[in-house]
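J.: Attaching a single structure in structure tokens format; questions to follow.
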Amino acid sequence: ADLRPSLHSDPGTIEGDESLGRRRRPTYFSEDQHWSVGVAIKAEVAPAIAAGWIRPVVDRVIPFADAPKAAELMRARAVTGKILLDLVGVE
């Protein structure tokens, strides 16, 4: 399968978010390619993660109650890595 990215020329706006004028991120793979991408990740990336060769970069851990703050940080692109939501104590 051809896994090369295909960038749509007009990604459009996020549905229900037109008032903000935000654009959705471009889609790099067609729907037909998603299955192939998942298979490739499972075959090649997952073993590297399991072996410890690839590790996620964690920017910060935020309590679940502050999830709106985490969303705002992501929208503002104020993080360098992943934001983890701490679920300890959440029922």
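J.: Of the residues S30, S6, which single one is modelled with pLDDT of 65 or more and open to solvent by less than 90 Å² (accessible area, probe 1.4 Å)?
T.: S30
J.: Would you check which residues across region 33-50 are open to solvent by 60 Å² or more (accessible area, probe 1.4 Å), hydrophobic (A, V, I, L, M, F, W, C) and more than 17 Å from G81 (Cβ to Cβ) and list them?
T.: Across region 33-50, the qualifying residues are W35, V39, I41, A43, A50.
J.: Next up: How many residues, within region 53-86, are among the basic types (K, R), more than 14 Å from the chain's Cα centre (by Cα) and modelled with pLDDT of 90 or more?
T.: So the answer is 2.
A quick yes/no check of all residues on (1) assigned to a strand (DSSP E or B); (2) of a type outside the set (S, T, N, Q); (3) in contact with a Pro (Cβ under 7 Å, 6 or more places away or on another chain):
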site	(1), (2), (3)
I54	no, yes, no
V61	yes, yes, no
A65	no, yes, no
K69	no, yes, no
M74	no, yes, no
T80	no, no, no
L84	yes, yes, no
V88	no, yes, no
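The values are calculated or read from the model by the stated rules, or taken from the named source; none is laboratory data. Computed from a predicted structure; not experimentally measured. Note that we place each Cβ from the backbone using ideal geometry, even for glycine, and neighbour counts take in every protein chain shown. Areas reflect the complete protein model, heavy atoms only, side chains present, ligands, DNA and RNA absent. Shrake-Rupley method; radii C 1.70, N 1.55, O 1.52, S 1.80 Å.
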